[in-house]
1. Filter the range 76-88 for residues that are away from ligand 1 (no atom under 11 Å from the Cβ) and surrounded by 14 or more Cβ atoms within 10 Å (Cβ to Cβ) and give the result.
2. Give the residue that is nearest to ALA175 (Cα to Cα), with candidates limited to residues of the range 23-47 that are out of contact with any helix residue (DSSP H, G or I) (no Cβ under 8 Å at 6 or more places or on another chain) and within 13 Å of ligand 1 (Cβ to nearest atom).
3. Within the range 58-75, does at least one residue satisfy the condition of being outside any loop (DSSP other than H, G, I, E, B), under 20 Å from ALA147 (Cα atoms) and either touching a Ser or Thr at 6+ places or on another chain (Cβ under 8 Å) or within 12 Å of ligand 1 (Cβ to nearest atom) (or both)?
4. Scan the range 4-28 residue by residue and report those that are buried (at least 24 other Cβ atoms within 10 Å of the Cβ) and within 20 Å of LEU40 (Cα to Cα).
5. Looking at the range 98-107, which of the residues that are surrounded by fewer than 17 Cβ atoms within 10 Å (Cβ to Cβ) and not hydrophobic (A, V, I, L, M, F, W, C) is farthest from TYR132 (Cα to Cα)?
6. Where in the range 128-205 are there helices (runs of 4 or more DSSP H), lying wholly inside it, with at least 1 residues that are within 16 Å of ligand 2 (Cβ to nearest atom), among the hydrophobic types (A, V, I, L, M, F, W, C) and modelled with pLDDT under 95?
7. In the range 82-108, what residues are β-branched (Val, Ile, Thr), part of a strand (DSSP E or B) and within 14 Å of ligand 2 (Cβ to nearest atom)?
Amino acid sequence: MKALLLIDIQTDFLPGGRLAVPDGDAIIPLVNTLQPQFELVVASQDWHPAGHQSFASSHPGRSQFEQIDLHGLPQVLWPDHCTQASAGADLAPALRSERIEAIFRKGTSVEIDSYSAFFDNGHRKSTGLADYLRGRGVTEVYLAGLAGDYCVYYSALDALAAGFATTVITDATRAISVEGFAAALADLRAKGATLVESAALLGQA
Ligand code: VGL
Ligand code: ZN
């Protein structure tokens, strides 16, 4: 059984949003077309409390996109984004949501970030996604969403580690850094992930 995982397709990650991923909105029509190909569609939602320690604004004297050590983990300092119940945290309005059966929220602990939809960055707290998928009989996961070099990448790494056959739909994601995305895809391929373009799934290849 195959599931489509829609990672963080939220207003703040779209052009005009607070942590805009270049061209991030381009994936939405494609993701909408892909959804009917899957028996199960699940989404993740970045969902930070005010004062989250991944926000540069929580570290006076530090700059956005600087890297710091946060309780022993490397942490990029981001602009405030996806604050709980803010409009920017909403799933993108153009994303079809009627077939999304469950939404897993992450990044909810103030002191630790969570790029992956499965675990926080310290692998201390599970979101329950892996157990949910197993409970639904899922053996294969396909990932799409934002950002390709952060939350899609780390979610795919955890999906592989959890034993799911893992495929990244490469044209159904956009990244913050082009170089970072290339490195992420190379690492995922080396670790056993499959990379496909959406046309192959839509019978157009
Ligand atoms: C993300 C940076 C910070 C993502 C979330 O969804 O890729 N990136 N929070
Ligand atoms: Zn975040």
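1. If the condition is that a residue be away from ligand 1 (no atom under 11 Å from the Cβ) and surrounded by 14 or more Cβ atoms within 10 Å (Cβ to Cβ), then THR83, GLN84, SER86, GLY88 are the ones that fit.
2. The selected residue is ILE27.
3. yes
4. Those that are buried (at least 24 other Cβ atoms within 10 Å of the Cβ) and within 20 Å of LEU40 (Cα to Cα): LEU4, LEU5, LEU6, ILE7, ASP8, ILE9, GLN10, ILE27.
5. Among residues in the range 98-107 that are surrounded by fewer than 17 Cβ atoms within 10 Å (Cβ to Cβ) and not hydrophobic (A, V, I, L, M, F, W, C), the one farthest from TYR132 (Cα to Cα) is GLU98.
6. none
7. THR83
The values are calculated or read from the model by the stated rules, or taken from the named source; none is laboratory data. Source: prediction; values computed, not measured. Here Cβ is always computed from backbone atoms with ideal geometry, including for glycine, and neighbour counts include all displayed protein chains.
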